[in-house]
Amino acid sequence: MEAYLRPAVIGLMIFIVFNALIMASAILVLAERKIMGFMQQRYGPYLVGPHGMLQPIADILKLVFKEELRPKGADKWLFTLAPVLSVVAAFVAFATVPYGAETTLFGLLDEPIKLGIADVNVAVLVVFAVTSMGVYGIVLAGWASNSKYSLFGGLRAAAQMISYELAYATSLAAVILLAGSLSLREIVDSQQSTWFGFLSQWYIFLQPIGFIIYVIAGVAETNRAPFDFPEAEQELVAGYNTEYSSVRFALFPQAEYINMVTMSAVATNLYLGGWHGLLPFYTPLDPLIEQYGLGWLAFLAKVAGFLFVYIWMRWTVPRYRYDQLMKFGWKYLFPASVLNLIATAALVLYFNA
Amino acid sequence: MPETITFYLFAALAVGASVLVIGQRNPMYSVLLLIASFGALSGLYILLDAPFVAVAQIIIYAGAIMVLFLFVVMLLNAPKEDGADWDRTHPLRQRGVARWGTLLVALLIVQLASALMAVREYDTPVGAQSAATSVNSVADLGRSIFTRHTFAFEATSILILVAMVGAVVLARREDGQ
């Protein structure tokens, strides 16, 4: 029984995560428009379904029934490959992100199973490697479209992503030093305890600068405002996806939203204690969460909060100028993250020796 | 059994993609096929129980170096190589040189075969090979690089530095040009 049940449960988990990511990208589009409406003192989408809640379905139907165009002179293979590549990279990146503690599914399994698809001992690096593969989708889309604006969008995306990847990886390295492990699950579990009995031992308190750098670099990595240069509409029409239509177009925003979810989930695991504790201080809810194995709900709540901040940031901060973006990335963000890493390494060495 | 199938799948992918890299007329396709080949190699590393090396392969080669390659190819907008007007007078296309090239290929094949014959543990399952040679955790890897293989490590970094200096010297423009 057990021998067959375990692969079935893992398969079910893959199915659930895959569909949850697809749903998340649909829900995030609606959430983005609703929050934007709220921030601009209007309703946002309101016509389809109650309070416009069925708007994503209408959007998807519209996109599916549009004509698929391919510009003359576009590269036949790469034009189709590019959106597929970016969406596949987005999905694969989530494969090593754990989202909950161990569970036996109410006693169904003899051995507890870890919530999370693949438990790799270098999970942090796997997520980083796969998300950095996503840049190829955007660059190829820009190049294969045979259009000036697309090419500029693709080039900007590549320059921006490899510049901010440095700061991103360096801020990750500081957390890895603190936890002494490359496994996301072990990093989460090392944030389990509390200081003085009430303050959760999250790495956001030990790494405040690292957290800020991570968030800024993460926003730049996912090409979101205020760093959405690859698709700056005032300058580049729509950037790398100018020539795309129908489903091939839809895959780009979908990849972007899934990347947002991955980025938020990794941030929750690295800095916000993952599934341990709902709030940064002790609440009477915490023992209940641990007892009933509802950590994944706390995890989901934190990810949702992080995604809200993402959208909030987009409608609050204006877009940079491109040269300012590069200057900021190389002259301020990267040195700051290196200093943060050196300081962390020195302190870890001092306290462990 | 599944491991064997995955091995042959990745190996075929790596070799096939590498062969296609040099067979392409369009440099853009060459770059992408090289990335595919790197991806297949990293799959082979995972089969060898070395996830860190696999991920490093993706981050460094497929992620960083190939993005630069792609950048250069895109910015130069390198045209497709035209088959009709091959430069027959190119020194590398002269008869004797071409023969030497064939000889080199033959030598390479012989070397590869002899290297494969020298592998002792080819019938041991992956992951169950002698513990002395296998380096599993990242900490062990770091320790072995900075203690046992310090010289090779430092020599390689100096080699890369020399190559970088060489590239800068070659690319530098003389004054007044």
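The selection criterion, being among the hydrophobic types (A, V, I, L, M, F, W, C) and more than 30 Å from A:Ser147 (Cα to Cα), holds for A:Leu47.
Would it be correct to say that B:Pro79 is modelled with pLDDT under 70 and more than 14 Å from chain A (Cβ to nearest Cβ)? Here the answer is no, as B:Pro79 does not meet what is asked. Filtered by the rule that a residue be more than 28 Å from A:Gly153 (Cα to Cα) and surrounded by fewer than 16 Cβ atoms within 10 Å (Cβ to Cβ), the range A:202-235 gives A:Phe205, A:Pro208, A:Ile209. Has the range A:213-228 got at least one residue that is without any contact (Cβ under 8 Å) to a residue 40 or more places away in the chain and of a type in the set (A, V, I, L, M)? No; the residues of the range A:213-228 include none that is without any contact (Cβ under 8 Å) to a residue 40 or more places away in the chain and of a type in the set (A, V, I, L, M). Which one is modelled with the lowest pLDDT among residues in the range B:166-177 that are among the hydrophobic types (A, V, I, L, M, F, W, C) and surrounded by fewer than 10 Cβ atoms within 10 Å (Cβ to Cβ)? Once the filter is applied, the top-ranked residue is B:Ala171. Considering only residues in the range A:120-153 that are under 30 Å from A:Ser181 (Cβ atoms) and among the polar types (S, T, N, Q), the one that is farthest from the chain's Cα centre (by Cα) turns out to be A:Asn121. With respect to the conditions (1) more than 29 Å from A:Leu341 (Cβ to Cβ); (2) touching a Phe, Trp or Tyr at 6+ places or on another chain (Cβ under 8 Å), A:Val219 falls short on a single one, namely (1). The lone criterion from (1) in a helix (DSSP H, G or I); (2) surrounded by 15 or more Cβ atoms within 10 Å (Cβ to Cβ) left unmet by B:Asp49 is number (1).
Yes/no matrix, rows are residues, columns are (1) more than 18 Å from A:Thr242 (Cβ to Cβ); (2) within 11 Å of chain B (Cβ to nearest Cβ); (3) in contact with an Asp or Glu (Cβ under 7 Å, 6 or more places away or on another chain):
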| residue | (1), (2), (3) |
| --- | --- |
| A:Asp75 | no, yes, no |
| A:Glu102 | yes, no, no |
| A:Val122 | yes, yes, no |
| A:Leu125 | yes, yes, no |
| A:Thr131 | yes, yes, yes |
| A:Ala141 | no, no, no |
| A:Ser150 | no, no, yes |
| A:Val175 | yes, no, no |
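Tell me which residues, restricted to the range A:141-153, are surrounded by fewer than 24 Cβ atoms within 10 Å (Cβ to Cβ) and either part of a helix (DSSP H, G or I) or of a type in the set (A, V, I, L, M) (or both). Once the filter is applied, which keeps residues that are surrounded by fewer than 24 Cβ atoms within 10 Å (Cβ to Cβ) and either part of a helix (DSSP H, G or I) or of a type in the set (A, V, I, L, M) (or both), the range A:141-153 yields A:Lys148, A:Tyr149, A:Leu151, A:Phe152. No other residue among A:Arg156, A:Arg185 is among the charged types (D, E, K, R), more than 14 Å from every other protein chain (Cβ to nearest Cβ) and in a helix (DSSP H, G or I) apart from A:Arg185.
Tell me the residue from A:Met326, A:Met260 that is of a type outside the set (S, T, N, Q) and either closer than 19 Å to A:Gly210 by Cα or touching a strand residue (DSSP E or B) at 6+ places or on another chain (Cβ under 7 Å) (or both), please. One residue alone meets the criteria, A:Met260.
Every residue, every condition in (1) among the hydrophobic types (A, V, I, L, M, F, W, C); (2) in contact with a Pro (Cβ under 7 Å, 6 or more places away or on another chain), yes or no:
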| residue | (1), (2) |
| --- | --- |
| A:Leu47 | yes, no |
| A:Glu68 | no, no |
| A:Lys76 | no, no |
| A:Ile138 | yes, yes |
| A:Ser145 | no, yes |
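Filter the range A:305-322 for residues that are aromatic (Phe, Trp, Tyr) and more than 12 Å from the chain's Cα centre (by Cα) and give the result. Selection gives A:Phe308, A:Trp312, A:Trp315, A:Tyr320, A:Tyr322. Selection of helices (runs of 4 or more DSSP H) fully inside the range A:201-264 by the criterion of at least 2 residues being of a type in the set (Phe, Trp, Tyr) returns A:203-206, A:208-221.
The values are calculated or read from the model by the stated rules, or taken from the named source; none is laboratory data. Please read these numbers as outputs of a predicted model, since none were measured by experiment. With ideal geometry, Cβ positions are generated from the backbone for all residues, glycine too; neighbour counts draw on all protein chains shown.
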